[in-house]
1. Which net charge results for the neighbourhood of residue 37, defined as the other residues with beta-carbon distances under 15 angstrom from its beta-carbon, given Lys and Arg at +1 and Asp and Glu at -1?
2. By average Cβ neighbour count within 10 Å, what is the ranking of 4-11, 43-50 from highest down?
3. Add +1 for every Lys or Arg and -1 for every Asp or Glu among the other residues with Cβ under 11 Å from the Cβ of residue 62, and state the total.
4. Please give the contour-minus-distance gain from residue 4 to residue 37: 0.36 nm per residue of separation, less the Cα-Cα distance, rounded to one decimal in nm.
5. Roughly how many nanometres apart are two label points built 7 Å out from the Cα toward the Cβ at residue 77 and residue 21?
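What follows is calculated from the coordinates using simple rules that are stated; it is not laboratory data. Model, not experiment: these values are computed from the prediction. As a convention, Cβ positions derive from the backbone with ideal geometry for all residues, glycine included, and neighbour counts pool all protein chains shown.
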Amino acid sequence: MSGARVGVVGCGHLGKIHARLLASRDDCDLVGVVDPVPDVAATVAESHDCEPFESPEDLIGRVDVAVVAAPTGLHAEVAKPLLEAGIDLLVENSIDPFQLLSFCNHYKIFFHQLFHQKYGQLIDAQNKFQ
């Protein structure tokens with residue numbers, strides 16, 4: 001496998017979807033999944049032939065990119081050590097993307113924010129007025 005080495009933080013509903021989709025791609029390598037509940041991480045990892053981890057910091061030195069699909073209130077806590085290590089991030093529905101964006105600008109790291117579809121009309125409306 002060649003391409004980016006990727007990890008997924010959070011093995012809930014969205015994390016499992018990200019893990020499944022990433023594992024099916026030929027242009028990246030799903031290295032591991034992270035969940036604070038070891039049995040959950042192990043189950044998802046076994047399904048996708050990757051390593052289970054209990055802490056986001058376990059991905060440092062192993063991945064180039066991480067998907068943060070942990071509970072929303074933990075995004076900044078989860079993202080900061082990964083950003084400091086130079087890992088590019090895709091973050092699901094962050095409560096405070098501006099805090100993470102300023103961090104990314106400082107470290108010159110790629111950051112992408114996903115928003116839940118329920119906010120789509122609000123974002124479209126806001127973009128029309130800018």
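1. Details: positive: 16; negative: 35, 39, 46, 54, 58.
With Lys, Arg at +1 and Asp, Glu at -1, the net is -4.
2. Details: 4-11: 25.5, 43-50: 16.6.
Highest-to-lowest ranking by the protection proxy: 4-11, 43-50.
3. Details: positive: 5; negative: 29, 51, 57, 58, 64.
After counting each charged neighbour, the total is -4.
4. Values: separation 33, 0.36 × 33 = 11.88 nm, distance 2.59 nm.
Here the answer is 9.3 nm.
5. 2.6 nm
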